[in-house]
Amino acid sequence: MTAATRAEGQRRWAPRPLIANRTARWLVRLLVLAYLAAVVATVDVNWVRVAEGIERSGRLLGQFLRPDFASRWSDSRIGILESVTMSLVATVAGVLIAIPVSLGAARNLAPLPLYLATRAYITLSRTFPEVIVAIVFVVMMGFGPFAGLLTLTFASVGFVAKLLAEDIEDIDDGQLEAMRATGATWWQVVAFAVVPQVMPRFVGLSVYRLDINFRESTILGIVGAGGVGATLTTAMSRYDFDSAGAILILVIAIVLVLEYLSGYVRSAVR
Amino acid sequence: MPVRTVAGRRAWQRTSARTSALAFTVGVALLGLVLWSWELIARQTIWIFVQDAPEQALNLFERMLPPRWAYAEALLRPLWDTLNIATIGTLAGVALAAPVALLAARTTTPHQSVRAFALVVIVASRSIHSLVWALVLVFLVGPGVFAGILAIALRSVGFIAKLLNEAIEETDPKPIEAIRSTGAGPGETIVYGIVPQVLPAFAGISVFRWDINIREATFLGLVGAGGIGLQLNASINSLRWADASVILVAIFAMVLVSEWVSARVRSAIT
Amino acid sequence: MLEIQGLVKRYPTGDRALRGVDLTVPEGQVMALIGPSGAGKSTLIRCVNRLVEPTEGRIELDGEDLTRLHPRSLRRARRQIGMIFQEFALVERLSVMENVLSGRLGYVGFWRSTLRRFPQADVDLAFDLLDRVGLTGFEDKRADALSGGQRQRVGIARALMQAPKLLLVDEPTASLDPKTSRQIMRLITELAQERRVATIINIHDVALAKRFVPRIVGLREGQVVFDGPPAALDAARLTDIYGDEDWDERPEVDVDASDAAEPSEVAA
Ligand SMILES: Nc1ncnc2c1ncn2[C@@H]1O[C@H](COP(=O)(O)OP(=O)(O)OP(=O)(O)O)[C@@H](O)[C@H]1O
Ligand SMILES: [Mg+2]
């Protein structure tokens, strides 16, 4: 595309444009400019405040980098523990529920009505952000980690089921047919032809979702659904950025551990 | 060894006794951990509220339905803001992510210590939830769309840079060597050897992140960082549930449309 | 034993793959089904175990009409019908032994099979078959670690695990080199005759068919146009089946001796 062809004599060369049609190209450029102009016109920025902010951010960063683990330790400890336990239970429950749902959402295995029903659930659960779902659950269940647990489970089912179903739809039909041809029942076909083929992906998805669930669990406390989010917001609203920094460092450390774990598990199941 | 000879007949087991024992132990340990976690959550839960949940849910739906459609008109501006937060935030994130990725990739980093720093930036950006970023930025630059844009940008940097970093490390070294052997400097090597190879992946990742960002921009308003979340928060706080359901429908539609657009654009790119 | 009468298959796309096929295969007979690409060979054998639903006609196995069976009795019928595939269709991530044992799925219940607690008699049979197809000691290898020839041997063992009355074989050698092809053909025909299993082998390689199989049926555009012993399959008959071509000029390569690569259609 951008081969270094030299211009020889009169022949000129320019890189191939992304959009071939000249008019379309200009139209797109114009639209982009118009959009940016509209944005500039509608987003008002309080530059005085921003200037203050830049100055304040230095102090903030300084406090983050000198974290104070001690002063809110008992709250942070409980919060982090709650986040970890919530995400663990939600991942296990979500993944277990996602298995049958994904079978229903795989076009090559499920009858149409079941397919449509499971796909509707998947779309619903994947569209709404976890915090918003959590608000609804808190209204129904009251404050506490149980609402958070339900939120994360609800979201995990949709997430895992969707990706797993895609994987099931991609499996090798030959292996399915071979098992059917032996006189195997539907469940035996699933156990012998589907499970082995999707296992590595399934394990990978599960640990990945654990990672996501943990990260989400750190903010559900903002709407009262348990986890370390409540402590974190309290610390921030009181400008205890050194305590907040301590919590964030813990969160980052746990995410790192989870990422390492997921890499290890994924390479083990291949 | 799965094959043993028992009384002259060859017996077969799928796994050796040791592997089975190990799997059993890991399974039991995991189960114990999950049960213990559940126990912890259960102790924090007020079960009377949970028992009450079906009634609460019914009550909630009664108040939400029918949605007060007239309210939709008031949502146009918040939706526009949400779109801008996601789009401009993604653009800013992309602009920041490209250099970070170049510094983080083994093949392009100028120095190991720079690489380590870039990796820390990536991990921190990814581990911290956009809602936490939003909290910090509202404190720094004041509430509003601008804080939302910055939050989305800072959260996206790590995501985009991580994937881009992987794409860079997977580039084919041969063309890069060829460019270098023409006497090109490091900048030219990047422009001619690496950029053409990772450009499609880069574009794909950015569009993918934009779609995620639309979803995230819908709730930043919960902490004052602009977008439709602001209206959601206000309507819930004042118990205007018929308005809240209109907002939920709007969020649902917006996320679905963005997912569709993103899928279309990505399939057009690759 | 196998009696096919007036078999018609129309695909939803409108393709008329079979246009009234009559065919009888007695017990223990091995026959080859030849014909140009698209003649309907695969469709025919897939109709027999109903991986493809026939449109019209009867398919009787020992007097039972397979076309009318409901799911449960269809599974019962299928376990008497072994199948061997061109692309082997092994479960790649399972071991050789698990693949072979999967031939017993129709006989063993869900939990026993899923927990891999197959009856010792099945395990004995599996070991015997692995010995017979020349894969002694391969039980624990994963199927994706085998060569093409080895995979097809596993496929053969799996099909015979079913103790089938009828064996359906769809181009068993199309993905293999000439020498392995002959070994596989020899193995299939020998085992079929040993165990008196009626066998239908779809095959493109006419020379291979003539060499190993006592009865050849030619299919063209969904109809039987030839049925007889290899000796009767002369140039004129080949033209009936495949259309015009200078058949005599085609050298009958002795592939055992030479390792000349045959043009294969696997690349497609
Ligand atoms: N699933 C299907 N849907 C629609 N048409 C099909 C399908 N499978 C086969 N056909 C059509 O039916 C006809 C017979 O196909 P079939 O696969 O049985 O031929 P074949 O003799 O096995 O060919 P080959 O030697 O290439 O394997 C062809 O015209 C084919 O296009
Ligand atoms: Mg065929």
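The values are calculated or read from the model by the stated rules, or taken from the named source; none is laboratory data. Source: prediction; values computed, not measured. Counting neighbours? That spans all protein chains shown, and the Cβs are built from the backbone with ideal geometry, glycine included. Quick note on the areas: whole protein, heavy atoms, side chains included, nothing else; ligands and nucleic acids left out. Shrake-Rupley method; radii C 1.70, N 1.55, O 1.52, S 1.80 Å.
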Please indicate, with yes or no, whether at least one residue in the stretch B:142-157 is open to solvent by 10 Å² or more (accessible area, probe 1.4 Å), in a helix (DSSP H, G or I) and closer than 23 Å to B:ASP243 by Cα.
yes
Please list, ordered by residue number, the helices (runs of 4 or more DSSP H) wholly in the stretch B:5-68 having 1 or more residues that are open to solvent by less than 90 Å² (accessible area, probe 1.4 Å), more than 14 Å from chain A (Cβ to nearest Cβ) and of a type in the set (Val, Ile, Thr).
B:17-43
Could you please find all residues in the stretch C:1-20 being in a loop (DSSP other than H, G, I, E, B) and near ligand 1 (Cβ under 10 Å from one of its atoms)?
C:TYR11, C:PRO12, C:THR13, C:GLY14, C:ASP15
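Out of the residues in the stretch A:212-221 that are buried (at least 24 other Cβ atoms within 10 Å of the Cβ) and part of a helix (DSSP H, G or I), which is farthest from the other protein chains (Cβ to nearest Cβ)? Show your work before the answer.
We begin by selecting, within the stretch A:212-221, every residue buried (at least 24 other Cβ atoms within 10 Å of the Cβ); these are A:213-214, A:216-221.
Restricting the remaining residues to those that are part of a helix (DSSP H, G or I) gives A:213-214, A:216-217, A:220-221.
Numbers: A:ASN213: 12, A:PHE214: 9, A:GLU216: 7, A:SER217: 9, A:LEU220: 10, A:GLY221: 10 Å.
Going through the qualifying residues, I end up with A:ASN213.
Please work out which residue is nearest to the other protein chains (Cβ to nearest Cβ), limiting yourself to the stretch A:222-270 and to residues that are on the phi > 0 side of the Ramachandran plot and buried (at least 24 other Cβ atoms within 10 Å of the Cβ).
First, pick out the residues of the stretch A:222-270 that are on the phi > 0 side of the Ramachandran plot: A:224, A:226-227, A:239.
Those left that are additionally buried (at least 24 other Cβ atoms within 10 Å of the Cβ): A:226-227.
Values: A:GLY226: 7, A:GLY227: 10 Å.
Taking the candidates together, the pick is A:GLY226.
For the condition within 20 Å of C:PRO172 (Cβ to Cβ), modelled with pLDDT of 90 or more and not charged (D, E, K, R), what is the one hit in C:LEU125, C:LEU101, C:LEU105, C:LEU130? Reasoning before the result, please.
Values: C:LEU125 fails: within 20 Å of C:PRO172 (Cβ to Cβ); C:LEU101 fails: within 20 Å of C:PRO172 (Cβ to Cβ); C:LEU105 fails: within 20 Å of C:PRO172 (Cβ to Cβ).
Just one listed residue meets the conditions, C:LEU130.
Kindly establish whether A:ILE54 is in a helix (DSSP H, G or I), of a type outside the set (Lys, Arg) and assigned by TED's automatic domain parsing to the domain that holds A:SER217. Write out each step before concluding.
On the way: in a helix (DSSP H, G or I): yes; of a type outside the set (Lys, Arg): yes; assigned by TED's automatic domain parsing to the domain that holds A:SER217: no.
Judged against the criteria, A:ILE54 is not a match.
Among what's in the stretch C:43-69 and is among the charged types (D, E, K, R), away from ligand 2 (no atom under 16 Å from the Cβ) and within 14 Å of C:LYS9 (Cα to Cα), pick the residue that is nearest to the other protein chains (Cβ to nearest Cβ).
Checking each candidate, the answer is C:ARG50.
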Scan the stretch C:150-190 for residues that are touching a residue at least 40 places away in the same chain (Cβ under 8 Å), polar (S, T, N, Q) and either assigned to a strand (DSSP E or B) or within 22 Å of C:ARG104 (Cα to Cα) (or both) and report the count.
3
Pick from the stretch C:169-198 the residues that are within 16 Å of ligand 1 (Cβ to nearest atom) and more than 11 Å from the chain's Cα centre (by Cα): which of them is nearest to the other protein chains (Cβ to nearest Cβ)?
C:SER175
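Does A:ALA161 qualify as being in contact with an Asp or Glu (Cβ under 9 Å, 6 or more places away or on another chain), closer than 27 Å to A:LEU109 by Cβ, open to solvent by less than 30 Å² (accessible area, probe 1.4 Å) and not in a loop (DSSP other than H, G, I, E, B)?
Details: in contact with an Asp or Glu (Cβ under 9 Å, 6 or more places away or on another chain): no; closer than 27 Å to A:LEU109 by Cβ: yes; open to solvent by less than 30 Å² (accessible area, probe 1.4 Å): yes; not in a loop (DSSP other than H, G, I, E, B): yes.
So A:ALA161 fails the test.
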Considering the stretch C:21-37, residues that are surrounded by 14 or more Cβ atoms within 10 Å (Cβ to Cβ) and within 15 Å of ligand 1 (Cβ to nearest atom), and then whichever is nearest to the other protein chains (Cβ to nearest Cβ), we arrive at C:LEU33
